[in-house]
Amino acid sequence: MNRLHKLSTTLIIFIFSVMVGSAQPTTITVQSNIEHPFYLYLNGEQINKIPTSKVEAHDLVLTDYQIRIEFRDITQPILKETVKPKSGKNSIYKVKIDTLKKQHRLELYETLKPSDVSEFSESYYHMPDYEGKLGCAWPVDESVHEDLLNNLKGQEIEAPMLFKIRSFVSSRCLTVDQFKPILALVEEEHEKEELAEFAYSYLYDRENFSELYSEFQYSQTVADIKRYIQKHTGNRR
């Protein structure tokens, strides 16, 4: 009887070992338009530190994954879906974006061999003592920042100049400390509020955003900004 029990146990262990050994690591690739970089989460784990339009997750072994996509632009809705990637393959999913209805979906685009998978890597500035989410990778040099400030000083911050500032913030990379003196140049409270809300998505250390609140004259403005961020992210900053 003991011998039979040992044989059964050995057989179970052997079958389990074969199953584990035959499981082939899987890759999930998610792509979006270059205008809509995002953060990818698989089963609650954040895969990429900086927002980008293509993210790869390697060496996956589960059959199902809960995908969560948070776009850098916090006004875009969060996308959640469950996927079943093909074992041992690179399953490529594309984000279909409807900017008018703001209804996004995830579609399986194609499945490739593992050899067709490129190595996914990230390069970004590591700010001391900051562990929060990054809005961009490399803050601009101080010389570039100073040039922008000097260009803005002495000018009336009206619609064309506000457009220029927005364009700079969204296309370059600024820390909260770098953005603060730019925000201080805007005199109208409502324009300052709109600019700050816009900038939140793009600032390098966006979770230090509360350091900007001292630039506002009215506590109600700060409350409105907090409500705006809470609405789109669920965070109170």
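Readers should treat all values here as calculations from the given coordinates under stated rules, not as data from a laboratory. All of these numbers come straight from a predicted model, not from anything done at the bench. With ideal geometry, Cβ positions are generated from the backbone for all residues, glycine too; neighbour counts draw on all protein chains shown.
With a cut-off of 15 Å between beta carbons, the residues surrounding HIS145 carry a summed charge of -2, where Lys and Arg count +1 and Asp and Glu -1. Using the Cβ of GLU158 as centre and a radius below 11 Å, the other residues enclosed give a net charge of -3, where K and R count +1 and D and E count -1.
From most to least packed by mean Cβ count within 10 Å, the peptides 82-89, 69-76, 147-154, 198-205 give 198-205, 69-76, 82-89, 147-154. Derived value for the chain: Kirkwood hydrodynamic radius 20.7 Å. Basis is the mean of 1/r over every pair of different alpha-carbon atoms. Rounded to the nearest whole angstrom, the semi-axes of the ellipsoid equivalent to the stretch 142-233, taken from the Cα gyration tensor as √(5λ), stand at 20, 15, 12, largest first. Relative to the Cα centre, the charge distribution of the chain, modelled as +1 at Lys and Arg Cβ and -1 at Asp and Glu Cβ, gives a dipole magnitude of about 1680 debye. Taken as entire DSSP H runs, the helices of the chain that both span 27 Å or more between Cα atoms along their own long axis and average -0.5 or more on the Kyte-Doolittle scale are 2-22.
The relative contact order of the chain comes to 15 percent, based on Cα pairs under 8 Å that sit 6 or more residues apart.
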